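Note sheet for the following structure.
The values are calculated or read from the model by the stated rules, or taken from the named source; none is laboratory data. This is a predicted model, so every value here is computed, not measured. Cβ coordinates were reconstructed from backbone atoms using ideal geometry, including for glycine residues, and neighbour counts include every protein chain displayed. Protein only, heavy atoms only, side chains kept; ligands, DNA and RNA dropped before computing areas. Shrake-Rupley method; radii C 1.70, N 1.55, O 1.52, S 1.80 Å.
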Amino acid sequence: MKRVITYGTFDLLHYGHINLLRRAKSFGDYLIVALSTDEFNENKKGKKTYFSYEQRKNLLESIRYVDLVISEEDWEQKKTDMHEYHVDTFVMGDDWKGKFDYLADEGVEVVYLSRTPEISTTKIKSDLFDTNLAK
Ligand code: C2G
C-alpha cells in the first residue's frame, strides 16, 4: 500500500483544495492529511480560520480521497511524521516548491503540484466582503 501525505489549513474548503487532494491521492492508495490546528494557525501561521479545527477535520473526512486526518501542530513534525505514518510520497502545492525537499533524506518522494490559480480562501473572503459592500 502506497501512503501519501499532505499538509494544510484547508479553511473555507474550496475546489482548489479538492483538486490538490484528488491529485495527491493519485500518487498512492492511502492519503493522510495533516490539518493545521487552530493554535498552530494563530500562533505560527498568522491565520485566523473561519472554521475551527474540528469543523475543518469533519469536512476533510467527508472527502472520498482522504483516508486519515491527523493534526499539524508545528513546522517541525514532518520528519517524524514520515516515519510514524510510513509515508512513501509527500505532496504539497507548488507555492511551497523547494521548501520541503529535505524530506527526501527520509526516503520520501517529494512532489509539488500546481495550485489552482484563480481561487483561494483569501479571495473568497475579500469577494464576499466586497459583495456585501455593494449591497
Ligand atoms: N492549494 C491549491 N490551490 C489553491 C489553494 C490551495 O492547490 N487555489 C493547495 C495548497 O498549495 C496546499 C493545500 O492546497 O498544498 C492547502 O492549502 P492551505 O490550506 O492554504 O495550506 P497552507 O496554509 O499553505 O499550509 O506545513 C504546510 C502548511 O500547513 C501548508
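Arranged from highest to lowest average of other beta-carbon atoms within 10 Å per residue, in what order do the peptides 51-57, 40-46 appear?
Numbers: 51-57: 16.3, 40-46: 13.7.
Sorting 51-57, 40-46 by mean packing, highest first, produces 51-57, 40-46.
Test of understanding: in a Gaussian network model of the chain with alpha carbons linked when under 10 Å, which of T121, T80, T37 would top the mean-square fluctuation ranking?
Answer for the Gaussian network model of the chain: T80.
With the cut-off at 18 Å, report for the stretch 1-102 the share of all Cα pairs above it, as a whole percent.
Working: 2281 of 5151 pairs.
It works out to 44 percent of all Cα pairs.
Please give the calculated 222 nm ellipticity per residue for the chain, where each DSSP H segment of at least 4 residues contributes -39500 (n - 2.57) and the sum is spread over every residue; nearest 500 deg cm²/dmol? Present the calculation step by step, with values, prior to reporting the outcome.
Working: 4 runs with 41 residues, N = 135.
The per-residue figure over the chain is -9000 deg cm²/dmol.
Which value, in Å², gives the accessible area per residue of the stretch 1-132 when a 1.4 Å probe is used on the protein heavy atoms? Before the final figure, lay out the partial values.
On the way: 7200 Å² over 132 residues.
For the stretch 1-132, the solvent-accessible area averages 55 Å² per residue.
Simple spin-label model, 7 Å along Cα-to-Cβ: E84 to K45 in nm?
The modelled label-to-label distance comes out at 1.7 nm.
Could you work out what % of the accessible surface of the chain is carbon and sulfur, using a 1.4 angstrom probe and leaving DNA, RNA and ligands out of the count?
Heavy-atom surface of the chain belonging to carbon and sulfur, 1.4 Å probe: 52 percent.
Classify the stretch 25-70: rounded, prolate or oblate, from the alpha-carbon gyration tensor (a ≥ b ≥ c, eigenvalue square roots; a/c under 1.5 rounded; otherwise prolate if a/b is larger than b/c)?
On the way: a/c = 3.20, a/b = 1.97, b/c = 1.63.
Prolate, since a/c reaches 1.5 and a/b exceeds b/c.
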